[in-house]
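Participant: The structure that follows is given in the form of structure tokens.
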Amino acid sequence: MTLNTADTVVLSMDFQNDIVSNFVPTAPDLLSRAASVLAAARAAHIPIVHVVVCFRPGYPEVGTHGMFKMIRDSNRLVAGSNGAAIHDAVAALDGEPVVTKKRVGAFTGSDLGVILTALGRRHLVLMGVATSGVVLSTVRAAADLDYTMNVVADCCADRDPEVHRVLTEKVFAQMAPALAAADVCAALTGR
């Protein structure tokens, strides 16, 4: 497997304390694998864009129903809070952009498209939680925008392992074929 390092960007999505705490019990090595992909990308000088979801105090962006209402009601993912912060294991380094979104997909309500255009890169390597949330929504939007993609399947997790499997093995196959973290790291480091 090869990755064109001149055309690739890694998207590290929703690895925030409030979100990751829901998935670490079902995927205990998730953060260490994601950290290894980030380290390999940095060593290969591939840009990394971190994507987070967070809201202003008082949640003016959140309506009266749906999943975001549950977030508001539980007072989670407030900008500047520890829960909204990227987990230390996969935190952004100086110079790595952090894109803030207000909905599930990484493109919706964010400046991700502007950053990708400025970078001049068209291949996205995606990882994040949840597979049926940010990963699925971002893959669908990016496919419509004619990006080429891969999903790092073992750097994603879902509350339902079967949903994760179906998405990574069947749904994403035509748009964003799944890769393993070890294969991505090997491709980026030449090992």
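The values are calculated or read from the model by the stated rules, or taken from the named source; none is laboratory data. Keep in mind that this is a model prediction, so the values were computed, not measured. Cβ atoms come from the backbone with ideal geometry, glycine included; neighbour counts cover every protein chain shown. Note: areas computed on protein heavy atoms with side chains; ligands, DNA, RNA excluded. Shrake-Rupley method; radii C 1.70, N 1.55, O 1.52, S 1.80 Å.
Participant: With respect to residue 184, determine if the residue is touching a residue at least 24 places away in the same chain (Cβ under 8 Å), under 17 Å from residue 32 (Cα atoms), in contact with a Lys or Arg (Cβ under 9 Å, 6 or more places away or on another chain) and not hydroxyl-bearing (Ser, Thr, Tyr).
Facilitator: no
Participant: Which members of segment 115-148 meet the condition of being among the hydroxyl-bearing types (Ser, Thr, Tyr) and open to solvent by less than 40 Å² (accessible area, probe 1.4 Å)?
Facilitator: Scanning segment 115-148 gives 131, 138, 147.
Participant: Here are some conditions: (1) at pLDDT below 95; (2) buried (at least 18 other Cβ atoms within 10 Å of the Cβ). Residue 38 meets all but one. Which one does it not meet?
Facilitator: With respect to (1) at pLDDT below 95; (2) buried (at least 18 other Cβ atoms within 10 Å of the Cβ), residue 38 is out only on (1).
Participant: Let me ask another. Between 57, 47, which is surrounded by fewer than 21 Cβ atoms within 10 Å (Cβ to Cβ), in contact with a Pro (Cβ under 9 Å, 6 or more places away or on another chain) and not hydroxyl-bearing (Ser, Thr, Tyr)?
Facilitator: 47
Participant: Oh, and also: Among the residues of segment 1-13, how many are open to solvent by less than 10 Å² (accessible area, probe 1.4 Å) and either modelled with pLDDT under 95 or not hydrophobic (A, V, I, L, M, F, W, C) (or both)?
Facilitator: Selection size over segment 1-13: 2.
Participant: Checking the structure you have, find out if any residue of segment 122-136 is closer than 19 Å to residue 5 by Cα, among the basic types (Lys, Arg) and touching a Pro at 6+ places or on another chain (Cβ under 8 Å).
Facilitator: no
Participant: Residue by residue through segment 110-128, note down the ones that are farther than 23 Å from residue 36 by Cβ and either free of Cβ contacts under 8 Å to residues at least 12 places away in the same chain or outside any loop (DSSP other than H, G, I, E, B) (or both).
Facilitator: 112, 113, 114, 115, 116, 117, 118, 120
Participant: Scan 151, 135, 139 and give me the residue that is in contact (Cβ under 8 Å) with a residue 24 or more places away in the chain, outside any helix (DSSP H, G or I) and either farther than 22 Å from residue 18 by Cα or under 14 Å from the mean Cα position of the chain (by Cα) (or both).
Facilitator: 151
Participant: From the list 157, 91, pick out the single residue that is within 15 Å of residue 19 (Cα to Cα), touching a Phe, Trp or Tyr at 6+ places or on another chain (Cβ under 9 Å) and crowded, with 18+ Cβ neighbours inside 10 Å.
Facilitator: 157
Participant: Next up: Is it the case that some residue within segment 56-72 is in contact with a Lys or Arg (Cβ under 6 Å, 6 or more places away or on another chain) and either free of Cβ contacts under 8 Å to residues at least 24 places away in the same chain or of a type in the set (Phe, Trp, Tyr) (or both)?
Facilitator: yes
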